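The values are calculated or read from the model by the stated rules, or taken from the named source; none is laboratory data. On a predicted model such as this, the values are computed, not experimentally measured, just so you know. For neighbour counting, all protein chains shown are included, and Cβ atoms are generated from backbone atoms with ideal geometry for every residue, glycine included.
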Amino acid sequence: MKLEGIHHITAITEDAQRNVDFYAGVLGLRLVKKTVNQDNPTVYHLFFADEGGDAGSDLTFFEYPGVAPGRPGAGMVHRVVWRVASENSLAFWEERLAANGIASARDGAGLVFADPEGLDHELLVVDVPDAPLIADHPEIPAELALQGFHAVRAYSGAPDASSALLEALEFERDGDAWEARGERRGGRYLFDEPPAEPGLQGAGSVHHVAWASTLEEHMEWRAKAISAGARPTPEIDRFYFKSIYFREPSGVLFEIATLGPGFTVDEPLEHLGEKLSLPPDYEHMRAEVEPNLRPVRNPRTDPEE
């Protein structure tokens, strides 16, 4: 019984259009679901992933218009680490980011940059057996594209306090990293020394990281979390997957999300993300919700004239 790496990572944006322009336009991810925050259905929840909308590549954003910029601090994920295939990929992304006004820098073996709202990303050449999770983009050759998540880096002043819970969740220690590796995928969790300033949730900050479970084992993971002293929520049906949430001792919000039923439950694969999708429990709110959401143009499907 092992978690199948990172399921998704959820962050906050102040401007959905700028967000879509960067992640679908510049980074070449596919906008696979345009829906609402089920805990606050007045705001967007945007999902970017590979071509199939697969867990392991799924970066999501809540849009809160007017929210102040965030600042990562203790108890927060501060960097998303993506896999790429080669040094040629790093060179390609260094050039592509620069052409789009995004500064980047080599950091050891990786290429580090921030999105327009300050969320840090790192591209890393890794040798793992996991299938690459790639989105189609006319300007990005498949062999150079992002291949899914490798890790998240979080700030913690006492990382050893998290060991018992991570062990209970069957993470394995590998040097300075904790790895959740299942039969198909793996994902890593790393700690860094926090800055002196406290963190602030806001635009460009990570809200939570989700780890992937099979549907059959989901409630067993909840029991394991409880056995290590965590206080998980009941299982919540998010329609596209089921979730439980709890904070690990560093303060980072963890989710364990199921692999399925997936984003094609209400849209065909070839048309994912093209319209506002509302889960059945929220469909009756469409006339109230949709007019209050700022229209978003997808540069992949609706290029500017």
field: Odd one out for residue 300, checked against (1) closer than 30 Å to residue 227 by Cα; (2) surrounded by 14 or more Cβ atoms within 10 Å (Cβ to Cβ)
entry: (1)
- request: State all residues of the stretch 262-305 that are under 15 Å from residue 239 (Cα atoms) and of a type in the set (D, E, K, R); if no residue qualifies, say none.
  value: 266, 267, 281, 283
message: Cβ-Cβ distance below 6 Å, separation of 6 or more or different chains: which pairs start in the stretch 182-194 with a residue that is more than 17 Å from residue 126 (Cα to Cα) and end on one that is modelled with pLDDT of 95 or more and assigned to a strand (DSSP E or B)?
response: 191/154; 192/153; 192/155; 194/155
- prompt: Can we say residue 77 is touching a strand residue (DSSP E or B) at 6+ places or on another chain (Cβ under 6 Å), touching a residue at least 24 places away in the same chain (Cβ under 8 Å) and under 20 Å from residue 252 (Cβ atoms)?
  reply: yes
message: Tally up the residues in the stretch 149-207 that are charged (D, E, K, R) and surrounded by 18 or more Cβ atoms within 10 Å (Cβ to Cβ), please.
response: 5
query: Which one of these is at pLDDT 95 or above, under 26 Å from residue 258 (Cα atoms) and either of a type outside the set (S, T, N, Q) or in a strand (DSSP E or B) (or both): 73, 53?
result: 53
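Residues checked against (1) touching a strand residue (DSSP E or B) at 6+ places or on another chain (Cβ under 6 Å); (2) surrounded by fewer than 23 Cβ atoms within 10 Å (Cβ to Cβ); (3) of a type in the set (Gly, Ala, Ser):
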site	(1), (2), (3)
7	yes, no, no
14	yes, yes, no
26	no, yes, no
37	yes, yes, no
50	no, no, no
- request: Could you tell me whether the stretch 161-174 includes any residue that is among the polar types (S, T, N, Q) and part of a helix (DSSP H, G or I)?
  value: yes
- request: Name the single residue, out of those in the stretch 89-128 being aromatic (Phe, Trp, Tyr) and touching a strand residue (DSSP E or B) at 6+ places or on another chain (Cβ under 7 Å), that is farthest from residue 187 (Cα to Cα).
  value: 93
message: Contact list please: Cβ distance under 9 Å, first residue in the stretch 245-261 and touching a residue at least 40 places away in the same chain (Cβ under 8 Å), second residue in a loop (DSSP other than H, G, I, E, B) and β-branched (Val, Ile, Thr), pairs at least six apart or on different chains.
response: 258/214; 259/214; 260/214
message: Testing residue 117 on (1) modelled with pLDDT of 95 or more; (2) surrounded by fewer than 20 Cβ atoms within 10 Å (Cβ to Cβ), one condition comes back false. Which one is that?
response: (2)
query: Restricting the stretch 1-22 to residues that are in a strand (DSSP E or B) and not hydroxyl-bearing (Ser, Thr, Tyr), which is farthest from residue 299 (Cα to Cα)?
result: 6
message: Residues that are basic (Lys, Arg), touching a strand residue (DSSP E or B) at 6+ places or on another chain (Cβ under 6 Å) and touching a residue at least 12 places away in the same chain (Cβ under 8 Å): does the stretch 269-279 have at least one?
response: no
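Yes/no matrix, rows are residues, columns are (1) over 19 Å from residue 168 (Cβ atoms); (2) surrounded by fewer than 17 Cβ atoms within 10 Å (Cβ to Cβ); (3) not hydrophobic (A, V, I, L, M, F, W, C):
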residue: 227; (1), (2), (3): no, yes, yes
residue: 236; (1), (2), (3): yes, yes, no
residue: 240; (1), (2), (3): yes, no, yes
residue: 243; (1), (2), (3): no, no, yes
residue: 247; (1), (2), (3): no, yes, yes
residue: 251; (1), (2), (3): no, no, yes
residue: 254; (1), (2), (3): no, no, no
residue: 270; (1), (2), (3): yes, yes, yes
residue: 288; (1), (2), (3): yes, yes, yes
Scan of the stretch 115-155 for residues that are touching a His at 6+ places or on another chain (Cβ under 7 Å) and outside any loop (DSSP other than H, G, I, E, B), ordered by number: 120, 124, 153, 154, 155
